[in-house]
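The values are calculated or read from the model by the stated rules, or taken from the named source; none is laboratory data. All figures in this text were calculated on a predicted structure; none of them were measured in a lab. With ideal geometry, Cβ positions are generated from the backbone for all residues, glycine too; neighbour counts draw on all protein chains shown.
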């Protein structure tokens with residue numbers, strides 16, 4: 001994630017987490033990009049000039065153009081905040097590295113791109129980033145009512161280890177605290193690689 005992405009990331013926050021409080025701000029994200037403990041990655045599509053904005057085309061045939069910068073780094077324009085038509089950001093993930101723990105702070109997608117493999121791709125990228133940064137475990141909080149997210153996290157080895165009571169300020173909902181076993185262990189590494197391969201086979205057009 002770069003500073004030029006912040007306006008689109010705020011749009012994703014507002015769409016994916018409409019009841020979130022306090023609302024995300026430009027200055028808050030700008031400070032996060034300077035935070036040596038924080039890492040943010042995005043999932044973005046280079047817009048196709050032939051389709052106008054390129055922003056709403058989410059058909060299967062268009063997925064070959066979706067790129068994660070973590071996996072497909074590309075030369076970037078030198079200007080700080082180029083026009084939004086250059087790339088369309090559909091997803092963002094953030095993580096804080098604290099000693100040997102990688103704590104996922106957010107995973108968000110635009111609503112039009114849910115259930116198409118993108119959210120799982122962001123989780124894969126975030127765990128991969130944690131491994132690159134030599135973290136030992138990955139942790140997160142999730143709403144007790146968000147069964148879909150919990151199922152995905154459990155698939156990737158997260159287990160409930162506690163609760164934060166009245167954690168979400170919009171409605172006082174509790175949060176589950178979930179964590180992995182050591183992501184350095186041969187067992188986790190083998191299972192993670194298997195899941196990555198399965199995701200690649202199922203969602204070939206994303207790669």
**Q.** Positions within the range 174-195 being surrounded by fewer than 16 Cβ atoms within 10 Å (Cβ to Cβ) and either in contact with a helix residue (DSSP H, G or I) (Cβ under 9 Å, 6 or more places away or on another chain) or more than 25 Å from residue 100 (Cα to Cα) (or both), in sequence order
**A.** 174, 181, 182, 184, 189
Q | Selection count where residues are in a helix (DSSP H, G or I), in contact (Cβ under 8 Å) with a residue 24 or more places away in the chain and either farther than 23 Å from residue 137 by Cβ or touching a strand residue (DSSP E or B) at 6+ places or on another chain (Cβ under 8 Å) (or both), scope the range 181-207 | A | 3
Q. Is at least one residue of the range 79-94 farther than 17 Å from residue 9 by Cα and not in a strand (DSSP E or B)?
A. yes
Q. Counting only residues that are out of contact with any strand residue (DSSP E or B) (no Cβ under 7 Å at 6 or more places or on another chain) and touching a residue at least 12 places away in the same chain (Cβ under 8 Å), how many does the range 137-150 have?
A. 1
Q) Tell me, which residue of the range 16-29 that is touching a helix residue (DSSP H, G or I) at 6+ places or on another chain (Cβ under 6 Å) and in a helix (DSSP H, G or I) is farthest from residue 106 (Cα to Cα)? A) 26
Q) Across the range 126-139, what is the total count of residues that are crowded, with 21+ Cβ neighbours inside 10 Å and within 18 Å of residue 42 (Cα to Cα)? A) 3
(Q) Going by what's in this entry, would residue 120 be described as within 21 Å of residue 152 (Cα to Cα), at pLDDT 95 or above and surrounded by fewer than 19 Cβ atoms within 10 Å (Cβ to Cβ)? (A) no
Q) Conditions: (1) over 16 Å from residue 17 (Cα atoms); (2) in a helix (DSSP H, G or I); (3) out of contact with any helix residue (DSSP H, G or I) (no Cβ under 6 Å at 6 or more places or on another chain). Residue 115 meets all but one. Number of the miss? A) (2)
**Q.** Answer from 130, 102 - the residue that is in contact with a strand residue (DSSP E or B) (Cβ under 9 Å, 6 or more places away or on another chain), within 25 Å of residue 9 (Cα to Cα) and in a helix (DSSP H, G or I)
**A.** 130
Q: Assess whether residue 176 counts as being under 15 Å from residue 120 (Cα atoms) and within 19 Å of the chain's Cα centre (by Cα).
A: no
